[in-house]
Structures are given as C-alpha cells and as structure tokens.
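Worksheet: one structure, shown below.
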Amino acid sequence: MNDVWAVFQSGGIIIIPLIICSIIVLAITIERSLVLRKKKVLIPEIINVIETIDKPEDVGLAISICNKNQGAFANIVQLGLQNKDMTKAELKELITDQGRQEVRTLQKGLVILETIAGIAPLLGLLGTVIGMIKVFTVISEQGLGQTQALSGGISEALITTVVGLSIGIPSLVVFNYFTDKSENLIMDIEKFTAKLLRTLSAFHSEKNNLAKEY
C-alpha cells in the first residue's frame with residue numbers, strides 16, 4: 001500500500017485531478033449499472049399492461065400499476081393512459097415530448113464519462129510536460145550529475161501519462177457500453193409505446209363511432 005502511495009506522490013500535482021476523475025468514473029459506472037438494468041427500466045408489469053389492455057375499462061387499473069412502478073418507461077406509459085381521449089396525433093406528440101425528457105434520465109452521466117475519457121490522457125500529457133520541464137530545469141541549473149533530482153522529474157512525467165491513459169481508456173469503454181445499452185432500451189421503449197399508442201387510438205376511434213351512433 002505504501003508503494004502505491006509513493007508512486008502517486010511521485011506523480012506531482014496533476015495526479016490529484018486524475019484521482020478525482022477516477023472516483024467520478026467509478027461512481028457513474030456503479031450508478032448506471034444499477035439504473036440501466038433491463039428489468040428495472042422495462043418493468044415486466046408495465047409490459048404486461050401494454051400487452052393485455054384491450055378495453056377502455058382497463059385503463060384505471062393500468063394507471064394504478066404504473067403508479068406502483070415509477071421509472072422512465074412507466075412515466076411515458078402512464079402519461080399516455082391518462083390522456084387516452086386525445087387524438088392520435090396529439091397523443092403521439094405528448095408521448096414523444098415525454099420520451100425526450102426520459103431519454104435524458106437514461107443517459108445521465110454519460111457526457112461526464114465521455115469528457116473524462118478525453119481529458120484524462122490530456123492531463124497525463126500535461127503532467128509529462130511538467131515533469132520534463134523539471135528535468136531540464138535541473139540539468140540547466142545543476143548539470144547531469146544530480147541523478148536523484150532528475151529521476152524525480154522523469155518519474156512525474158511517466159507516472160502521470162500512465163495514470164491518465166489508465167483512466168481514459170476504461171472511461172471510453174464504459175461510455176460506449178452504457179451509450180449502446182441506453183440506446184437499446186430507448187428502442188424497446190419506443191416499440192412498446194407505439195403499441196400502446198395504437199391501442200389507445202383504437203379506443204378513441206371506437207368512442208367517436210359510438211358518439212356518432214347516438
């Protein structure tokens with residue numbers, strides 16, 4: 001443990017923002033892993049509501065199920081059910097607007113991951129430059145005989161580069177993974193909400209036809 005701490009100390013001041021970046025990446029990775037679980041987003045009870053609802057009288061029960069299962073998917077479905085008397089065009093626009101808001105929830109933190117994936121290697125490069133400046137300063141002031149002073153600057157130059165890449169590469173991998181996962185979930189949500197829209201539109205048409213008969 002002491003050896004690890006000594007290595008980080010050798011990285012100089014740039015090692016501090018790099019450590020902060022690594023903590024942020026770890027926190028977002030854990031949080032997104034929990035939030036973007038398929039069964040947590042595409043809640044089976046909500047899917048069952050969409051698959052089985054076949055008459056307007058079922059809407060009240062469906063809304064109560066949505067209330068018990070809060071989340072991006074449930075919010076969109078509940079909004080559609082609560083506004084079932086709208087025309088198809090109006091309902092589609094309402095669901096689309098709500099969907100855009102829920103997409104932000106599903107992709108929360110991904111921009112931060114992408115940013116860290118870009119800046120961590122650059123911070124490492126900055127640390128390298130600072131370390132090399134120290135090396136050349138020692139050479140110009142004390143000559144090549146001060147090996148201990150030279151090694152300190154060289155260590156700082158190399159360690160920050162390694163740490164920066166060690167954070168940047170996994171961050172990029174995690175960002176791509178969660179981006180792909182969120183996009184797949186969004187596509188599934190769109191598929192089920194399209195089915196719900198067709199069902200509710202049929203209810204609306206049926207209601208209008210009955211009204212015309214009377």
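The values are calculated or read from the model by the stated rules, or taken from the named source; none is laboratory data. Since we're looking at a predicted model, the values are computed, not measured. Counting neighbours? That spans all protein chains shown, and the Cβs are built from the backbone with ideal geometry, glycine included.
Structure notes:
- Answer residue from region 120-156, given it is among the polar types (S, T, N, Q) and modelled with pLDDT under 75 and is nearest to ILE15 (Cα to Cα) among those: SER155
- Output for region 80-93, where each listed residue is surrounded by fewer than 19 Cβ atoms within 10 Å (Cβ to Cβ) and in a helix (DSSP H, G or I): GLN82, LYS88, ALA89, GLU90, LYS92, GLU93
- Set side by side, the residues LYS134, LYS68 differ, and just one is of a type in the set (Lys, Arg), closer than 30 Å to VAL162 by Cα and free of Cβ contacts under 8 Å to residues at least 60 places away in the same chain, which is LYS134.
- For the condition surrounded by 14 or more Cβ atoms within 10 Å (Cβ to Cβ), within 30 Å of LYS134 (Cβ to Cβ) and either modelled with pLDDT of 90 or more or within 13 Å of the chain's Cα centre (by Cα) (or both), ILE159 does not qualify.
- One residue from THR128, THR105, THR96 being in a helix (DSSP H, G or I), within 14 Å of the chain's Cα centre (by Cα) and at negative phi: THR105
- Filtered residue count, region 162-189, keeping only those that are without any contact (Cβ under 8 Å) to a residue 60 or more places away in the chain, surrounded by 15 or more Cβ atoms within 10 Å (Cβ to Cβ) and within 16 Å of the chain's Cα centre (by Cα): 2
- Breaking point among (1) touching a Leu at 6+ places or on another chain (Cβ under 6 Å); (2) at pLDDT below 95, for THR199: (1)
- The listed residue being surrounded by 14 or more Cβ atoms within 10 Å (Cβ to Cβ) and of a type in the set (D, E, K, R), out of LYS38, LYS108, LYS55: LYS108
- Every pair of residues 6+ apart whose Cβ atoms lie under 9 Å, when the first sits in region 9-28 and is modelled with pLDDT under 90 while the second is outside any helix (DSSP H, G or I) and surrounded by fewer than 15 Cβ atoms within 10 Å (Cβ to Cβ): none
- Test: residue in region 98-113 that is out of contact with any helix residue (DSSP H, G or I) (no Cβ under 8 Å at 6 or more places or on another chain), over 30 Å from SER201 (Cα atoms) and β-branched (Val, Ile, Thr): yes
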